[in-house]
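The values are calculated or read from the model by the stated rules, or taken from the named source; none is laboratory data. These figures come from a predicted structure and were not determined experimentally. As a convention, Cβ positions derive from the backbone with ideal geometry for all residues, glycine included, and neighbour counts pool all protein chains shown.
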Amino acid sequence: MFFNLSSHSWPQKRIWTIGMSQCNLGEPWRVQMNADVKNAAEVHPGLKVILKDAQNDNLRQRAHIEEFVRAGVDAILVSPKEAAPLTGPVRDAYKKGIPVIVIDRRVLGEDYTCFIGADNKKIGRAAGKWIAEKTGGKGNVVELKGLMTSTPGQDRHSGFREGIANTNIAVIFEADMKWLEPNARKEMESALSRFDKIDVVYAHNDPGAHGAYLAAKAAGREARILFVGIDALPHEGQMYVKQGILGASFEYPTGGKHAVEIALDILNGKKVAKEITLPSRVFTKENIDKGGEVLNE
Ligand code: FRU
């Protein structure tokens, strides 16, 4: 019997290609998400991840999804800049049978495979309650909002308003700083020039809280204001809490590791939940050395 070794087809391990579109890499939290994706993917030799940065441009991010579809990737991960502009391309990819995992910021409707993120409404509510407790339920608050066309901004806002309902806390100034520290600093300068009494800044992310702090410090008013932010990266929000810059930072896990694991489950034929809600913790100077405290309600 003749056996031709060279033409024999050995069982091959399948190589999966996953395309990931990150809405921007200008903030430490997103750099961390990409690092979490890379680290999770590295332990699977059969997995290739293509990372793309949309540089905060919806059109560019839409094009990423379309390119991934044309290239025939096995799955798509996307952390959208804004809900509405990304909904169409995500729907088209999903309808073509490509698994699409949406991370952190949502798209509109249900046409995606899985959403992974923490509960922003719950985080906003917890921030409101924490501030109410800290201030004895009264005082003047500046709210520096994340991009209000993105779902975390909307939920961190509405959750917060629920958290301070039935208190004497007044939101005297609110502005959309679009998640960006320099914008937050500018908005806080306006708030400081208009209001003599500001007791608390609630910013939808830690860069925003830090920008506000810098504005208050430049005006010599930082010691009289309590600053609260969201994200709690070890080298950002948690560090600010340790330094006494922030009174509290609420953790917003990136979901990068989970997204890779869920993608692999899908590719290996497992059924996954449509919605995966990640837990969050609050860090304050009292609990930071113990690793924060889990939010539960
Ligand atoms: C980074 C970021 C985070 C925030 C998240 C919300 O771009 O602004 O600071 O928690 O996006 O989507």
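If you take just the strands (runs of 3 or more DSSP E) that sit entirely in region 229-297, which of them hold at least 3 residues that are surrounded by fewer than 18 Cβ atoms within 10 Å (Cβ to Cβ)?
Numbers: elements: 248-251, 275-278, 281-284.
In region 229-297, 275-278 are the strands (runs of 3 or more DSSP E) which contain 3 or more residues that are surrounded by fewer than 18 Cβ atoms within 10 Å (Cβ to Cβ).
Scan region 208-225 and give yes if some residue there is outside any helix (DSSP H, G or I) and crowded, with 17+ Cβ neighbours inside 10 Å, otherwise no.
Narrowing region 208-225 to residues outside any helix (DSSP H, G or I): 219-221, 225.
Imposing the further condition that a residue be crowded, with 17+ Cβ neighbours inside 10 Å reduces the set to 225.
Yes: one or more hits.
Among all residue pairs at least 6 apart or on different chains, which show Cβ distances below 6 Å where the first residue, located in region 98-111, is on the phi > 0 side of the Ramachandran plot and the second is within 12 Å of the ligand (Cβ to nearest atom) and at pLDDT 95 or above?
Within 6 Å, the pairs are 104/79; 104/117; 104/255.
So which residues in region 57-100 are within 15 Å of the ligand (Cβ to nearest atom) and either of a type in the set (Asp, Glu) or closer than 23 Å to residue 258 by Cα (or both)?
Within region 57-100, 57, 61, 77, 78, 79, 80, 81, 82, 83, 86 qualify.
For region 144-162, what are the residues that are buried (at least 23 other Cβ atoms within 10 Å of the Cβ) and away from the ligand (no atom under 12 Å from the Cβ)?
Scanning region 144-162 gives a single hit, 160.
Consider residue 148 against the criteria (1) closer than 27 Å to residue 282 by Cα; (2) without any contact (Cβ under 8 Å) to a residue 24 or more places away in the chain: it satisfies all of them except one. Which criterion is unmet?
Exception for residue 148: condition (2).
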